[in-house]
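*Asks:* Here it is, the structure, as structure tokens.
A short reminder: the numbers here are calculations on the coordinates, not readings from a lab. What you are looking at is a predicted structure, and each value in this text was computed from that prediction instead of being measured. FYI the Cβ positions are ideal-geometry reconstructions off the backbone, even for glycines, and counts take in every protein chain you see.
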Amino acid sequence: MPHSTPLPPFAAIVVAAGKGLRAGQAAPKQFVPWHGKPVVRHSVEALLEAGAAPIVVAIAQDAEKQAHEALTGLDGYELVAGGETRQQSVANALEHLEAVAPQSVLIHDAARPALPRAVIARLLAALADHAGAIPVLPVVDSLAIAGDGVMTGSADRARLRRVQTPQAFRFGPILAAHRRWQGPRDAGDDAQVLRAAGGVVALVEGDEALKKLTVAEDFVSERPAIRTGMGFDVHRLAPGEELWLGGLRIPHDKGLAGHSDADVVLHALVDALLGAIGAGDIGTHFPPSDHQWKGAPSSRFVEHAVKLVSAAGYAIGNVDLTVICEAPKIGPHREAMRASIARLLAADPERVSVKATTTEGLGPTGRGEGIAAQAVATLIGKDRS
């Protein structure tokens, strides 16, 4: 919805060149989904909506493809290679902006995806009287000065503030300040760089929504507590084949023909696990056309799916499997099958259910032409498991 009061013209820099290791994600946190979109996309969209032009996104040297994918469909942004530190990344982005020499620039960390327009407005208004402005919040907890594991003093929280981004600056002074920076190898933020050059930094009211995504829990809390996936598979019985079900070789006069060792139970289980995290199906990860999987043990597919489940922030809640066949009888093998599947899932056997049924002589499984299996997997967010 358009805003009635336009903001003064400004450019923006989004710093997205870090590795984000503390977030415990499979990719740098700025490219990880959060509230349905990659983290970096949230702030770029908010800045575009506020009228920022241009927007320069500072990224790692090898992250161009990831950045374009995260920002696909958006216009008005440019990519620039960052440096070894945040300060160097910002400096590179400022040098890139020199060609257009905007009057004002906002410098924002991609790890703060929720960016209220009201904060942007307050920052830009403060630049009428100051070379820089930053959003801050009060410190609500008591503070202790620590030394050697004990409290050595206290600090007056009334004089302290929590600093957020974006931080706003008149373009000329902040560019000059970064060029002159001789402080520590990396500056804590751009306000420190401006102050070191003699600039005055105004404080404006921040917003709790600007919370920084830092650790894995910041992402896990955005996931549903429980996710469920379903899987189904069927394979033809054929002479001369081994019969593998649930990771066990079961004596029978026929075996299952098909992908890998054709373990129909594990195939259904893999599809249930992948489905629960929205990661496609077994054919996506292990296509039947790829000859390297011919005769491969299906346990490898389960192990792969379990790793993806863990990387997505979930643990196995329970799995429920049903084998559909006339023969062989599953009952004598049920407990061994449960134990086998539990080992593959690194879960307690009590979290694995194996059942069997027939189709009363109806259909391909009823005629003994094949065996089918269905699986339901329930996953629990790791902070709740």
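*Asks:* Could you identify which residue out of GLY231, GLY313, GLY149 has the top mean-square fluctuation in a GNM of the chain using Cα springs shorter than 10 Å?
*Replies:* GLY149
*Asks:* How do HIS285, HIS178 line up, fewest other C-beta atoms within 10 Å first?
*Replies:* Listed from fewest to most nearby Cβ atoms, that is HIS285, HIS178.
*Asks:* For the pair ILE145 and GLU335, how long in nm is the line joining their label points, each one 7 Å along Cα→Cβ?
*Replies:* Between ILE145 and GLU335, the label points sit 6.7 nm apart.
*Asks:* What is the stretch 210-332 by shape, rounded, prolate or oblate, if you read a ≥ b ≥ c off the alpha carbon gyration tensor as root eigenvalues and call it rounded for a/c under 1.5, prolate for a/b larger than b/c, and oblate otherwise?
*Replies:* prolate
*Asks:* For the stretch 133-190, which trypsin sites (Lys or Arg not before Pro) are in a loop by DSSP, counting at most 16 other Cβ atoms within 10 Å?
*Replies:* Answer by residue number: ARG185.
*Asks:* Something else: What list of ³J(HN,Hα) couplings, whole Hz, do you get for the stretch 92-102 from phi and the Karplus terms 6.51, -1.76, 1.60, once you set θ to phi - 60° and write x for glycine and proline?
*Replies:* 4, 5, 5, 4, 5, 7, 4, 4, 9, 6, x
*Asks:* Here's something else I'd like to know. 5 Å is the cut-off here: which amide hydrogens, built 1.01 Å from N in the peptide plane, fall below it relative to GLU241, excluding neighbours closer than 5 in sequence?
*Replies:* Amide H neighbours of GLU241: GLY255.
*Asks:* Also, I was wondering about something else. Take every DSSP beta bridge with both residues inside the chain and express the antiparallel ones as a percent of the total, to the nearest 5.
*Replies:* 60
*Asks:* Separate question: Run the helix sum for the chain: -39,500 (n - 2.57) per DSSP H stretch of 4+ residues, divided by residue count, reported at 222 nm to the nearest 500 deg cm²/dmol.
*Replies:* The helix-only estimate for the chain comes to -8000 deg cm²/dmol at 222 nm.
*Asks:* If each residue's Cβ is checked for other Cβ atoms within 10 Å, how do LEU47, LEU203 rank with the fewest at the top?
*Replies:* LEU203, LEU47
*Asks:* Which of the trypsin sites (Lys or Arg not before Pro) across the stretch 286-330 are loop residues per DSSP, with 14 or fewer other Cβ within 10 Å?
*Replies:* LYS294, LYS329
*Asks:* Separate question: Determine the percent antiparallel among the DSSP beta bridges restricted to the stretch 11-219, to the nearest 5.
*Replies:* That works out to approximately 45 percent antiparallel.
*Asks:* In whole Hz, what ³J(HN,Hα) sequence does the stretch 376-381 give by Karplus (6.51, -1.76, 1.60; θ = phi - 60°), x for Gly and Pro?
*Replies:* So the J values, rounded to whole Hz, are 10, 10, 10, 10, 10, x.
*Asks:* Another question, then. Between 0 and 90 degrees, rounded to the nearest ten: what's the tilt of helix 299-311 against the longest Cα principal axis of the chain?
*Replies:* 30
*Asks:* Could you list MET337, MET230, MET151 so that the one with the fewest beta carbons within 10 Å of its beta carbon is first and the one with the most is last?
*Replies:* MET151, MET230, MET337
*Asks:* Can you give the angle from 0 to 90° between the axis of helix 334-345 and the longest principal axis of the chain, with both taken from C-alpha atoms, to the nearest 10?
*Replies:* Taking the Cα atoms of the chain, the angle to 334-345 is about 20 degrees.
*Asks:* Report the one residue of GLY231, PRO297, VAL201 whose Cα lies farthest in the direction of the positive end of the charge dipole of the stretch 183-301 (charges on C-beta: Lys and Arg +1, Asp and Glu -1; origin at the Cα centre).
*Replies:* Of GLY231, PRO297, VAL201, it is PRO297.
*Asks:* Are any of the pairs LYS212/LYS307; LYS307/LYS355; LYS211/LYS307; LYS29/LYS307 more than 23 Å apart by Cα-Cα distance, and if so, which?
*Replies:* LYS212/LYS307; LYS307/LYS355; LYS211/LYS307
*Asks:* Let me ask something else. I'd like the FRET efficiency for GLU69 and MET230, computed as 1/(1 + (r/R0)^6) with the beta carbon distance as r and R0 of 22 Å, rounded to 0.05.
*Replies:* 0.15
*Asks:* Mind checking the angle between helix 171-180 and the chain's longest principal axis? C-alpha axes, 0 to 90 degrees, to the nearest 10.
*Replies:* Tilt relative to the chain: about 80 degrees.
*Asks:* May I ask you to evaluate 6.51 cos²θ - 1.76 cosθ + 1.60, the Karplus curve with θ = phi - 60°, for each residue of the stretch 42-51 and list the ³J(HN,Hα) values in order in whole Hz, giving x for glycine and proline?
*Replies:* 4, 6, 5, 4, 5, 5, 4, 5, 7, x
*Asks:* Turning to a different aspect of this structure: Identify which of the listed values of Rg and Dmax of the Cα atoms in Å was calculated from the structure shown: (1) 21.4, 70; (2) 21.0, 76; (3) 28.4, 88.
*Replies:* (3)
*Asks:* Amide H neighbours of ALA131 under 5 Å, counting only residues 5+ apart in sequence or on other chains, H built in-plane at 1.01 Å?
*Replies:* For ALA131, the qualifying residues are VAL200.
*Asks:* With +1 on each Lys and Arg Cβ and -1 on each Asp and Glu Cβ, and nothing else charged, work out how big the dipole of the stretch 224-381 is about its Cα centre, in Debye to the nearest 20.
*Replies:* Computed about the Cα centre, the dipole is about 220 debye.
*Asks:* With the Cα gyration tensor of the stretch 260-353 giving a ≥ b ≥ c as the square roots of its eigenvalues, does the rule (a/c under 1.5 for rounded; else a/b larger than b/c for prolate; else oblate) give rounded, prolate or oblate?
*Replies:* Since a/c reaches 1.5 but b/c is at least a/b, the shape of the stretch 260-353 is classed as oblate.
*Asks:* Assign unit charges at the C-beta atoms only (+1 for Lys and Arg, -1 for Asp and Glu), then state the dipole size of the chain relative to its Cα centre in Debye, rounded to the nearest 20.
*Replies:* Taking the Cα centre of the chain as origin, the dipole is about 640 debye.
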